[in-house]
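The values are calculated or read from the model by the stated rules, or taken from the named source; none is laboratory data. All values derive from a computational prediction rather than experimental measurement. Quick reminder, even Gly has a Cβ in these numbers, built from the backbone with ideal geometry, and neighbours come from all protein chains shown. These accessible areas exclude ligands, DNA and RNA; they are computed on the full protein's heavy atoms, side chains included. Shrake-Rupley method; radii C 1.70, N 1.55, O 1.52, S 1.80 Å.
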Amino acid sequence: MSEFTGKSVMVLGGSRGIGAAIVRQFAGAGAKVIFSYSGSPDAAAAVAAETGASAVKADSANRDELIAAVAAAGTLDIMVINAGVAIMGDPLVMDPDAVDRLIDINVRAVYFAGVEAGRRMHDNGRIIIIGSVNGDRVQMPGTTAYALSKSAVQGIGRGLARDFGARGITVNVVQPGPVDTDMNPVAGPLAPLMHSMMAIKRHAHADEVAALVLYLASPAAAMITGTTQTIDGGIGI
Ligand code: NDP
């Protein structure tokens with residue numbers, strides 16, 4: 001038995017990377033986990049088979065599909081809004097459609113999923129949004145669209161913390177620095193530059209971020225709300 005045994009957990013974007021690590025840790029702690037995916041059905045099926053979690057196809061860029069998936073998950077105890085995309089490049093030449101899609105997934109979906117989860121959530125529930133250290137700081141050029149999206153979710157987190165606080169629901173934003181995933185592989189060309197700016201000079205493991213998410217979801221964290229929790233190895237301090 002654990003504090004999560006039998007708890008109803010939804011993870012948006014659980015097929016790969018940080019989201020898959022979160023699914024694994026909640027499922028391993030005895031929670032009933034449902035997670036969404038969009039472009040990686042094989043990876044989603046593998047995570048579901050490994051953990052016993054349920055996978056549901058729902059594109060976070062499609063508002064109606066997203067809200068329907070959250071509603072279908074029923075009365076949740078814990079919602080983790082992790083699904084996100086990153087694009088980098090010169091904003092003078094960046095494809096505006098790609099920027100719009102990033103905003104749809106990283107910002108609009110966070111708002112609508114958070115609202116829908118709160119509508120149906122048990123009292124004393126938990127909403128955890130995966131932001132980024134780029135919500136606070138921008139260490140290199142070419143990240144304006146991504147940074148704007150991760151700053152925006154700080155406002156969503158603080159706002160929903162006020163909106164749902166009377167019911168004991170907490171809302172927090174976890175802000176990773178470099179994490180070794182498909183989005184930011186440790187073998188990528190920018191890794192040495194990132195490490196040079198860090199006090200702890202390595203990528204985090206997705207499991208390290210998941211452990212912080214589980215803490216914020218635990219009863220021990222009942223008075224932590226409206227915060228940003230940075231887990232970045234001291235990048236740019
Ligand atoms: P990955 O690219 O490794 O995984 C992204 C996950 O999000 C996948 O499960 C993917 O599912 C899902 N996803 C993406 N787009 C959609 C969509 N339209 N609808 C539904 N699901 C979607 O990224 P990470 O694990 O690294 O990133 C997870 C979160 O952490 C993101 O919000 C990211 O911004 C944030 N982050 C990551 C950092 C890093 O260094 N890795 C640093 C700071 C923050 P599928 O493939 O099935 O579509």
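Checking the structure you have, find out if any residue of region 168-176 is among the small types (G, A, S), more than 28 Å from G39 (Cβ to Cβ), at pLDDT 95 or above and open to solvent by 20 Å² or more (accessible area, probe 1.4 Å). Give the derivation first.
Start the filter on region 168-176 by keeping residues that are among the small types (G, A, S), which leaves 168.
Now restrict to residues that are more than 28 Å from G39 (Cβ to Cβ): 168.
Add one more test, that the residue is at pLDDT 95 or above, and what stays is 168.
Applying the additional criterion that residues be open to solvent by 20 Å² or more (accessible area, probe 1.4 Å) yields 168.
Yes, region 168-176 contains a residue that is among the small types (G, A, S), more than 28 Å from G39 (Cβ to Cβ), at pLDDT 95 or above and open to solvent by 20 Å² or more (accessible area, probe 1.4 Å).
Considering every residue within region 109-117, establish whether at least one is touching a residue at least 40 places away in the same chain (Cβ under 8 Å), within 9 Å of the ligand (Cβ to nearest atom), out of contact with any Ser or Thr (no Cβ under 9 Å at 6 or more places or on another chain) and under 24 Å from A166 (Cα atoms).
No - not one qualifying residue is present in region 109-117.
Examine region 54-66 for a residue that is in contact (Cβ under 8 Å) with a residue 40 or more places away in the chain, open to solvent by less than 20 Å² (accessible area, probe 1.4 Å), not acidic (D, E) and not in a loop (DSSP other than H, G, I, E, B), and state whether such a residue exists.
Within region 54-66, one or more residues are in contact (Cβ under 8 Å) with a residue 40 or more places away in the chain, open to solvent by less than 20 Å² (accessible area, probe 1.4 Å), not acidic (D, E) and not in a loop (DSSP other than H, G, I, E, B).
Could you list, in sequence order, the residues of region 89-111 that are open to solvent by 60 Å² or more (accessible area, probe 1.4 Å) and under 20 Å from the mean Cα position of the chain (by Cα)?
Residues of region 89-111 open to solvent by 60 Å² or more (accessible area, probe 1.4 Å): 90-93, 95-97, 100-101, 108, 111.
D100, R101, R108, Y111 - these are the residues of region 89-111 that are open to solvent by 60 Å² or more (accessible area, probe 1.4 Å) and under 20 Å from the mean Cα position of the chain (by Cα).
Only one of M223, M183 is open to solvent by 60 Å² or more (accessible area, probe 1.4 Å), within 24 Å of G125 (Cα to Cα) and of a type outside the set (D, E, K, R); which?
Working: M183 fails: within 24 Å of G125 (Cα to Cα).
After applying the criteria, what remains is M223.
List pairs: first in region 203-220 and more than 21 Å from L190 (Cα to Cα) and open to solvent by less than 50 Å² (accessible area, probe 1.4 Å), second away from the ligand (no atom under 11 Å from the Cβ) and among the aliphatic types (A, V, I, L, M), Cβ under 6 Å, 6+ apart or cross-chain?
V213/I128; L216/I128; A217/I78
Looking at region 74-88, I want the residues that are open to solvent by 20 Å² or more (accessible area, probe 1.4 Å) and have a partner that is in a loop (DSSP other than H, G, I, E, B) and near the ligand (Cβ under 10 Å from one of its atoms) with Cβ atoms under 6 Å, at least 6 apart or on another chain. Which pairs are those?
Sorted first by the residue in region 74-88, then by its partner, the pairs are N82/G13; A83/G13; A83/S60; A86/M183.
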